[in-house]
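Below you'll find the structure, written out as structure tokens, and then a few comments.
The values are calculated or read from the model by the stated rules, or taken from the named source; none is laboratory data. Computed from a predicted structure; not experimentally measured. No Cβ is skipped: glycine too gets one built from the backbone with ideal geometry, and neighbour counts run over all protein chains shown. Surface areas here come from the heavy atoms of the whole protein model, side chains and all, with no ligands, DNA or RNA. Shrake-Rupley method; radii C 1.70, N 1.55, O 1.52, S 1.80 Å.
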Amino acid sequence: MRKTFKKWFYIVLSGVLSLGFSACDNLVPKTVSIEKVEKTGSEGLVDTYTIFYTDGTTGTFTITNGQDGVDAEGLVSIRSIEKTATNGLVDTYTIYFTDGSTTTFEVENGKDGDDVSVDALYQEYVERYGDISYQEFLSLYLSFGADNSATINRCLQSTARVYAEFAGKVTEENKTPAPAVYTGGAVIYQIGEESSYLLTNYHVVIDDEADGAPVSDIIHCYLYGSYNGPNKETDESGAVTVNYGDGAIACEYVGGSATYDMAVLKVNTADLLAKNPQATAVTFADEYYVGQTAIAIGNPNGDGISVTQGIVSVGDEFVTLTIGGETRSYRSLRMDTPLYKGNSGGGLFNADGELIGITNAGDLGDQNINFAVPIQIVKRTTDNILHYANDGDVMTRGVYKITLGITVTGQNSRYVYDTAKGYGSIKEEVLIKEITENSIAAQMGLQVGDVLTAITVDGEIIPINRYFAVGDVLLTMRTGAQFSLTIKRGEQTLTTLIYTVKKSDLALTA
């Protein structure tokens, strides 16, 4: 959301990773901490987990699902464990139980004190509340919180603030109006030898109320660490201008699309690295999933970069936004990460610091409901814009896509859990409902009622598990691309003839 964006839908909590253990006698050595815990094997009801410690050592434990545990309903559990005091080398920790009671233990760092183990916590619980199996206690009640500060600090090298200037509207009362400056965030997409590219939302750099071309032709950005910003100055005649100062980097609009709410900006690489030689392009995630950490870095109210954290709460849903004077339905990633006016265009990162989306909207009427452009759209739209901006043809700057000529819908939707990954995704059958006469789809021999299962583009087979995935794939097709469709027709699996994309097939997507 840019500062002046009016069509808004707003907030949040950080997640805690709950882990189950069984029959684990490992003690963590002094000054050594748990780096991560991953499920590394599964056989029948037995899952194997590996603990990775910060000194490079590992330990394993198993959980037998659905066996050996007792019904934990009504039992008192640990709500949280916090360090509550430090005296020299001795740290005091408090265990908070769900019945409101507490107990404390001490850790003496670096000398004669014993490290507190999971076993000690288990014994404390049994002494207070009676028998419970070791596996039951740990699998139900033990949680670890992740410190994402190192990840966030890496991501800051790839973030920027964006300011788009527009001439003020002249009225009878005000002949010399002050220019308007819209604000938002951005991420560094690519750093080249001469030119570098940044990504932001399309609505950050346009004025919905402007006459004619709505895109700003005066855009500047500031990297994280540049605390100065634009200032409005008035001369003797009363005319107002904007002074962007020494920290600003001039940006050129490359192209964008209201349909996808994405825009690409170009800067001089020498200017970028002069402000910060450590500036770094973002790393794209391959995917995202519900429950994953979602870290937003943006420019709320134009006051400087800020960071908020939550989780992905809905993988894909559609939200109605008005951008560029037209109301559209946008496929979005929903998270409970707090967003504020001015956060638009900023990056949404996972716990590994990989980009999973570009934040663009929130719900003013309901906290914890905020949205981002999903990574699949971000990556494919950006590549599309840059391809047609740099292919040598004189074309309107924007997104170009073929029209296949089919209307599809999803049916038999279901959640498919992947035990190896530890998370799942929604899958559905993609049914062809309509086919436009004389369209590409008609030429390829498709029929109403066919179920589309895959699209093969230049030899790469892309499974189609959601109906909106068809549009994602179409964003990747360029002039000369060859593709075919795989369908199910009754009991048969068929593959169409190969179609070669012609320039005349491409149309600008507003």
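When the stretch 447-463 is filtered for residues that are more than 30 Å from ASP393 (Cβ to Cβ) and either of a type outside the set (D, E, K, R) or part of a strand (DSSP E or B) (or both), the ones remaining, listed by number, are GLN447, VAL448, GLY449, VAL451, LEU452, THR453, ALA454, PRO463.
Scanning the stretch 340-373 for residues that are at positive phi and either of a type in the set (A, V, I, L, M) or over 12 Å from the mean Cα position of the chain (by Cα) (or both) yields GLY342, ASN368.
For the stretch 180-188, state whether one or more residues are open to solvent by 40 Å² or more (accessible area, probe 1.4 Å) and not hydrophobic (A, V, I, L, M, F, W, C). Can you show your working first?
If we filter the stretch 180-188 for residues that are open to solvent by 40 Å² or more (accessible area, probe 1.4 Å), which is where we start, we get none.
The answer is no, given that none of the residues of the stretch 180-188 is open to solvent by 40 Å² or more (accessible area, probe 1.4 Å) and not hydrophobic (A, V, I, L, M, F, W, C).
Beta carbons closer than 6 Å, at least 6 apart along the sequence or on distinct chains, pair a first residue in the stretch 468-496 that is closer than 30 Å to THR382 by Cβ and open to solvent by 40 Å² or more (accessible area, probe 1.4 Å) with a second that is in a loop (DSSP other than H, G, I, E, B) and of a type in the set (A, V, I, L, M, F, W, C) for THR479/VAL501; GLN482/ILE498.
PHE483 fulfils the conditions (1) within 29 Å of the chain's Cα centre (by Cα); (2) part of a strand (DSSP E or B) except for a single criterion, (1). Applying the criterion of at least 1 residues that are modelled with pLDDT under 90 and open to solvent by less than 10 Å² (accessible area, probe 1.4 Å) to the strands (runs of 3 or more DSSP E) found wholly in the stretch 340-400 leaves 354-362. Would you mind stating whether ASN153 is modelled with pLDDT of 75 or more and either basic (Lys, Arg) or closer than 20 Å to ILE375 by Cβ (or both)? It is false that ASN153 is modelled with pLDDT of 75 or more and either basic (Lys, Arg) or closer than 20 Å to ILE375 by Cβ (or both). Within the stretch 128-147, if we keep just the residues that are crowded, with 17+ Cβ neighbours inside 10 Å and in contact with a Phe, Trp or Tyr (Cβ under 9 Å, 6 or more places away or on another chain), the residue that is modelled with the highest pLDDT turns out to be ILE132. Of a type in the set (Lys, Arg), closer than 30 Å to LEU431 by Cβ and touching a strand residue (DSSP E or B) at 6+ places or on another chain (Cβ under 9 Å) - does that describe any residue in the stretch 386-404? Within the stretch 386-404, one or more residues are of a type in the set (Lys, Arg), closer than 30 Å to LEU431 by Cβ and touching a strand residue (DSSP E or B) at 6+ places or on another chain (Cβ under 9 Å). Considering (1) within 17 Å of ILE385 (Cα to Cα); (2) open to solvent by 70 Å² or more (accessible area, probe 1.4 Å), the lone condition that LEU198 does not fulfil carries the number (2). Looking only at the stretch 204-245, residues that are closer than 30 Å to ASN174 by Cα and in contact with a Leu (Cβ under 8 Å, 6 or more places away or on another chain) come to 3 in all.
Scanning the stretch 417-441 for residues that are part of a loop (DSSP other than H, G, I, E, B) and closer than 30 Å to TYR289 by Cβ, which turns out most open to solvent (accessible area, probe 1.4 Å)? Please lay out each step first, then the result.
Within the stretch 417-441, the first condition is being part of a loop (DSSP other than H, G, I, E, B), and the residues that meet it are 419-422, 436-439.
Next, from what is left, pick out any that are closer than 30 Å to TYR289 by Cβ: 419-422.
Details: THR419: 78, ALA420: 81, LYS421: 111, GLY422: 41 Å².
So, considering only residues that are part of a loop (DSSP other than H, G, I, E, B) and closer than 30 Å to TYR289 by Cβ, the one most open to solvent (accessible area, probe 1.4 Å) is LYS421.
Among residues of the stretch 315-339 being open to solvent by 40 Å² or more (accessible area, probe 1.4 Å) and within 13 Å of the chain's Cα centre (by Cα), the one that is modelled with the highest pLDDT is ARG334.
Kindly establish whether ALA263 is at pLDDT 95 or above and either part of a loop (DSSP other than H, G, I, E, B) or exposed (fewer than 15 other Cβ atoms within 10 Å of the Cβ) (or both).
Working: at pLDDT 95 or above: yes; either part of a loop (DSSP other than H, G, I, E, B) or exposed (fewer than 15 other Cβ atoms within 10 Å of the Cβ) (or both): no.
Answer is no for this residue.
The requirement of being in a helix (DSSP H, G or I) and either open to solvent by less than 20 Å² (accessible area, probe 1.4 Å) or modelled with pLDDT of 90 or more (or both) is fulfilled nowhere in the stretch 172-179; no residue meets it.
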